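The block underneath contains the structure these notes are about, expressed in structure tokens.
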Amino acid sequence: MEEAEASSRCPGSSPPFLEVRNVTKRFPGVVANDRVSFSVCPGEVHALLGENGAGKSTLVSILYGLLEPDEGEIVIRGQKVRIRSPKDALELGIGLVPQHFLLVKKHTVAENVALGLKGVPFFRPARAVAPRIRELGERYGLPVDPDAYVWQLSAGEQQRVEILKVLVRDVTLLMLDEPTSVLTPQEARGLFEVLRRMKAEGHAVIFITHKLEEVFAVADRVTVLRRGRVVASLSVRETDPQTLARLMVGEELPEPAARPARTPGRELLFVEDLWVRSDRGFYAVKDVSFTLREGEVVGLAGVAGNGQSELIEALTGLRRPERGWIRVGERDLTGKDARVFFEAGVAHVPEDRNRRGVVATLSVAENLVLRHYRYPPFARGPVLDRRAVRRFALEEVKRYDIRTPSIDAPVRLLSGGNVQKLILARELYGEPKVLVAAHPTYGLDVAAARQVHGRILEARDRGAAILLVSEDLEEILALSSRILVIFEGRIIAELAPEEASKERLGMLMAGVAA
Amino acid sequence: MRLVPRGPVGPALSLLVPLFSVLLAFAASLLLLALFGTSPREAAVAVYQGLFTDLRGFSELLRRAVPLVLAGAGLALAFRAQFWNIGAEGQLLLGAVAAAGVALFSGIEGGWLLPAMALAAFLAGGLWALLAAVLKARLEVNDVITTLMLNYVAVYLVEWLIHGPWKGKTAFGFAYTDRFPEAASLPLFPGTALAWPGVVLAVLLAGFFAWLLFATTFGFEVRVLGENPEAARYAGVRATVTLSLVALFSGGAAGLAGFVEVAGTHHKLLSPLQISLGYGYTAIIVAWLARNHPLLAVLTGLLIGFVFAAGDVLKVALMVPFQLVEVVNGLVLFFLIAGEVFLRYRVVFGGRRG
């Protein structure tokens with residue numbers, strides 16, 4: 001806490017723009033923020049670093065007026081303030097760029113920016129803000145067409161709109177909640193450039209992240225949160241990645257998971273000449289062929305949006321391929337639905353676990369049988385055997401260490417890591433032949449990620465063929481027996497882990513032949 | 001004064017809040033009566049004496065409740081699957097048409113006639129709903145619109161039948177069919193106008209739907225599909241099949257309500273307004289109040305049945321306009337929806353710390 005006291009003076013002896021003093025926020029059963037203190041100076045990019053569940057989002061919600069703190073105070077330009085709503089926050093000069101965009105998709109960029117803006121005319125407000133959007137876009141390097149419809153924009157462009165929405169309101173402090181999670185590496189670099197320009201214009205920026213390299217890429221100071229507490233507030237120049245990682249995790253970094261030991265067996269999954277269309281109608285997967293063998297993990301590396309999602313969906317029966325074949329063992333499953341794929345032994349850890357992997361309002365027990373409910377021992381004819389379901393749930397919750405108030409609690413009460421453990425428990429039950437695991441540790445903390453890796457390797461050692469789709473190159477390198485690289489819908493390289501390095505993969509993923 | 005979110009609520013509170021809301025709605029209704037120049041006290045006494053002091057009065061309450069429970073339990077099932085069936089009214093009418101058709105023209109006699117009518121009514125109501133479900137599942141046609149519009153089609157179908165091809169030879173120019181044969185009448189509870197098999201049917205069907213929903217794999221699919229269609233596809237639920245079955249059951253239940261009305265009360269097919277009194281629409285309230293739990297629809301159906309029957313009593317005893325029943329129904333719904341807020345939030349007076 002002394003750190004925070006010491007840092008409440010800014011370079012050039014100006015007072016901090018924002019000071020947070022001993023803010024505490026409790027939720028039933030957890031203290032999300034425990035006496036959090038830190039300050040942000042004008043013209044600085046301040047990173048809030050912490051793992052999922054460290055309390056970053058709660059803190060941001062408090063500063064944006066979405067939550068009120070139970071204790072503590074917020075001081076802006078030396079004045080104690082109370083932020084009761086986003087409206088209050090904006091009036092005080094604080095804006096938020098949310099992680100999940102809040103845009104009206106059917107409206108244009110200008111209409112979205114004008115929405116709720118003060119001082120725009122009642123009629124045709126969009127026309128009035130369009131020049132301002134162009135001007136701000138030029139000044140900060142945020143090019144976007146004011147007349148484009150939001151649904152036509154990429155994630156990166158939508159983020160620009162969110163940033164413009166904030167800038168047009170003349171805020172001093174911008175908060176960005178995990179802004180790079182939806183961006184390609186190139187887009188992320190563009191964003192950092194924007195942040196530097198904002199800094200130069202005298203804005204203060206709070207940058208929420210759990211990625212160390214981003215802190216060093218863009219931040220001036222960093223406040224590390226762990227389990228709701230500030231463990232350090234440091235100048236980025238005076239620290240290094242190892243120190244920050246230790247502060248963030250609070251324990252030694254994990255050993256990389258063990259490399260494969262066994263030799264792969266017979267081929268279980270055949271994919272031949274596969275062409276798959278995206279929702280927008282163009283080919284997202286082009287002429288993809290590969291096989292998965294018993295007892296191997298094949299890593300599929302690629303920048304998000306290069307056809308992975310469509311490929312995963314085709315391989316699990318959720319999307320009909322346009323051309324080509326998918327066989328599991330001797331069975332041709334091309335064009336069959338998810339039930340047939342599941343029955344053939346294809347398990348699937350979906351990439352968006354909350355949207356597809358669980359039913360948030362149903363119980364832990366019900367979600368654990370979300371795929372097996374219609375087969376014995378959970379069903380006897382048309383009747384669900386609730387006793388068998390409960391018994392199974394109790395076992396799995398214990399075996400996979402799923403932290404839940406009870407097996408009857410709705411899944412929405414579980415943290416991301418526990419939801420993921422639940423999904424893995426379910427998908428690995430019944431010893432599937434093939435496992436398609438998409439971003440299995442995305443957003444998980446180190447301990448949970450390590451458990452997930454352990455389970456995947458266990459399944460491999462038992463003989464499952466596993467396709468690991470991930471953007472996390474360290475994960476790919478640590479677990480895979482072979483690595484495929486996908487770029488613009490095509491598999492452009494196959495590498496053994498020995499010949500792959502992060503740098504080489506990075507180049508390939510960017511479409512630069514290496 | 002401000003609202004503070006609360007965590008999960010226990011069963012006691014989730015029962016007390018709606019109960020209190022209903023009481024408030026009744027209090028507001030009495031106040032409204034006062035505006036009509038009727039003493040609230042007199043009205044309360046009239047309703048009590050009219051409905052709860054003799055069998056005949058109470059049977060009227062049940063007679064109103066039966067179609068509401070039947071249709072409401074079916075809607076509860078449909079709403080669980082997010083099949084927004086606003087068409088119970090039309091499905092009820094189709095059930096009445098099918099029952100009437102079998103009664104008048106099938107030539108079936110004796111003990112088989114009633115079961116045949118019931119089956120026909122179930123299928124007719126079910127298929128009417130199925131039309132909308134298939135359009136939804138296959139072509140993503142908005143089910144609210146289709147089910148609602150099919151109500152009007154059903155109304156005009158009945159009108160056409162009773163004015164045209166089915167117009168009774170013994171109806172002396174009035175627009176209704178001939179009277180059903182004797183074998184097509186449901187037995188009445190002695191001393192009342194209540195067709196008791198309707199009561200049994202309603203309770204059994206509500207119980208059956210609850211069992212379907214919570215004890216079978218089909219019910220599991222319905223709930224998964226309703227809560228998260230994307231997860232349902234992933235889980236291997238075949239939406240078209242599940243949705244079609246839901247529609248068949250839901251519309252079928254409303255069709256049975258139509259059967260009970262014509263075979264228990266009217267004994268002929270007549271004007272849609274006389275067959276139904278808007279039961280199909282009111283059943284939406286019944287299902288909603290029951291939180292889409294088919295068995296609870298028995299209770300909420302009784303509650304709304306009470307409102308209807310009380311309206312009848314007031315109309316006869318105190319000359320209160322019948323439209324007031326609609327207003328009271330509206331008030332009940334209004335207070336219940338307003339009460340929801342107290343299940344999610346606590347009210348805190350004064351200071352800023354919760």
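A few points about this structure:
- Residue within segment B:238-245 that is within 30 Å of B:LEU113 (Cα to Cα) and either away from chain A (no Cβ under 14 Å) or surrounded by 24 or more Cβ atoms within 10 Å (Cβ to Cβ) (or both) present: yes
- Contact annotation: residue pairs with Cβ atoms under 9 Å, 6 or more positions apart or on different chains, pairing a residue in segment A:442-465 that is farther than 16 Å from A:GLY430 by Cα with a partner that is modelled with pLDDT of 80 or more and among the hydroxyl-bearing types (Ser, Thr, Tyr), are A:TYR442/A:SER470; A:ALA448/A:THR441; A:ALA449/A:THR441; A:ARG450/A:THR441; A:GLN451/A:TYR400; A:VAL452/A:THR441; A:HIS453/A:THR441.
- Flag if A:ARG386 is facing chain B (nearest Cβ under 10 Å), surrounded by fewer than 17 Cβ atoms within 10 Å (Cβ to Cβ) and under 18 Å from B:PHE214 (Cβ atoms): yes
- Residue match in segment A:444-461 (condition: surrounded by fewer than 23 Cβ atoms within 10 Å (Cβ to Cβ), within 20 Å of A:GLU310 (Cβ to Cβ) and not β-branched (Val, Ile, Thr)): no
- Yes/no for A:VAL297 being under 24 Å from A:LEU505 (Cα atoms) and surrounded by fewer than 23 Cβ atoms within 10 Å (Cβ to Cβ): no
- Residue in segment B:102-122 that is buried (at least 24 other Cβ atoms within 10 Å of the Cβ), of a type in the set (Phe, Trp, Tyr) and either modelled with pLDDT of 95 or more or in contact with a Ser or Thr (Cβ under 6 Å, 6 or more places away or on another chain) (or both) present: yes
- Selection count, segment A:496-514, where residues are without any contact (Cβ under 8 Å) to a residue 40 or more places away in the chain and either surrounded by 20 or more Cβ atoms within 10 Å (Cβ to Cβ) or of a type in the set (Val, Ile, Thr) (or both): 2
Residue by residue, here is whether (1) acidic (Asp, Glu); (2) farther than 19 Å from B:TYR279 by Cβ holds:
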{"position": "B:GLY90", "(1), (2)": "no, no"}
{"position": "B:ALA103", "(1), (2)": "no, yes"}
{"position": "B:GLY110", "(1), (2)": "no, yes"}
{"position": "B:ALA116", "(1), (2)": "no, yes"}
{"position": "B:ASP143", "(1), (2)": "yes, yes"}
{"position": "B:ASN151", "(1), (2)": "no, no"}
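- Scanning segment A:392-422 for residues that are surrounded by fewer than 15 Cβ atoms within 10 Å (Cβ to Cβ) and not hydrophobic (A, V, I, L, M, F, W, C) gives A:GLU395, A:LYS398, A:ARG399, A:ASP401, A:ARG403, A:PRO405, A:SER406, A:ASP408, A:ARG412.
- Within segment A:276-325, the set of residues being in a strand (DSSP E or B) and over 27 Å from A:GLU475 (Cα atoms) comprises A:ARG277, A:TYR283, A:ARG323, A:GLY324, A:TRP325.
- From the list A:GLY489, A:GLY463, A:GLY511, the lone residue that is touching a helix residue (DSSP H, G or I) at 6+ places or on another chain (Cβ under 9 Å) and on the phi > 0 side of the Ramachandran plot is A:GLY489.
- When B:LEU51, B:LEU23 are screened for being assigned to a helix (DSSP H, G or I), loosely packed, with under 13 Cβ neighbours inside 10 Å and modelled with pLDDT of 85 or more, only B:LEU23 passes.
- Candidate set from segment A:358-381 (those that are within 11 Å of chain B (Cβ to nearest Cβ) and assigned to a helix (DSSP H, G or I)); member that is surrounded by the most Cβ atoms within 10 Å (Cβ to Cβ): A:ASN367
- The number of residues in segment A:344-357 that are within 8 Å of chain B (Cβ to nearest Cβ) and assigned to a helix (DSSP H, G or I) comes to 3.
- Considering (1) free of Cβ contacts under 8 Å to residues at least 60 places away in the same chain; (2) more than 15 Å from B:GLU221 (Cβ to Cβ); (3) among the polar types (S, T, N, Q), the lone condition that A:ASN354 does not fulfil carries the number (1).
- In summary, strands (runs of 3 or more DSSP E) completely within segment A:75-188 and bearing 2 or more residues that are aliphatic (A, V, I, L, M), surrounded by 14 or more Cβ atoms within 10 Å (Cβ to Cβ) and under 25 Å from the mean Cα position of the chain (by Cα) occur at A:94-97, A:173-177.
- Every pair of residues 6+ apart whose Cβ atoms lie under 9 Å, when the first sits in segment A:124-142 and is touching a residue at least 12 places away in the same chain (Cβ under 8 Å) and among the charged types (D, E, K, R) while the second is part of a helix (DSSP H, G or I) and surrounded by fewer than 15 Cβ atoms within 10 Å (Cβ to Cβ): A:ARG139/A:ARG197
- Candidate set from segment B:229-255 (those that are without any contact (Cβ under 8 Å) to a residue 40 or more places away in the chain, touching a helix residue (DSSP H, G or I) at 6+ places or on another chain (Cβ under 8 Å) and not small (Gly, Ala, Ser)); member that is farthest from A:LEU362 (Cα to Cα): B:LEU245
- Qualifying residue in segment B:200-208 (condition: of a type outside the set (Asp, Glu), within 14 Å of another protein chain (Cβ to nearest Cβ) and part of a helix (DSSP H, G or I)): yes
- Search result, residues across segment A:242-265 that are modelled with pLDDT of 80 or more and assigned to a helix (DSSP H, G or I): A:THR243, A:LEU244, A:LEU247
- Where A:ASP385 falls short, out of the listed (1) in contact (Cβ under 8 Å) with a residue 12 or more places away in the chain; (2) acidic (Asp, Glu); (3) farther than 22 Å from A:ARG356 by Cβ: (1)
- Answer from B:VAL153, B:VAL200 - the residue that is over 30 Å from B:GLN82 (Cβ atoms) and within 24 Å of the chain's Cα centre (by Cα): B:VAL200
- The single residue among B:ALA193, B:ALA232 that is touching a Ser or Thr at 6+ places or on another chain (Cβ under 9 Å) and facing chain A (nearest Cβ under 9 Å) turns out to be B:ALA232.
The values are calculated or read from the model by the stated rules, or taken from the named source; none is laboratory data. Since we're looking at a predicted model, the values are computed, not measured. Here the Cβ is made from the backbone with ideal geometry for all residues, glycine too, and neighbour counts use every protein chain on show.
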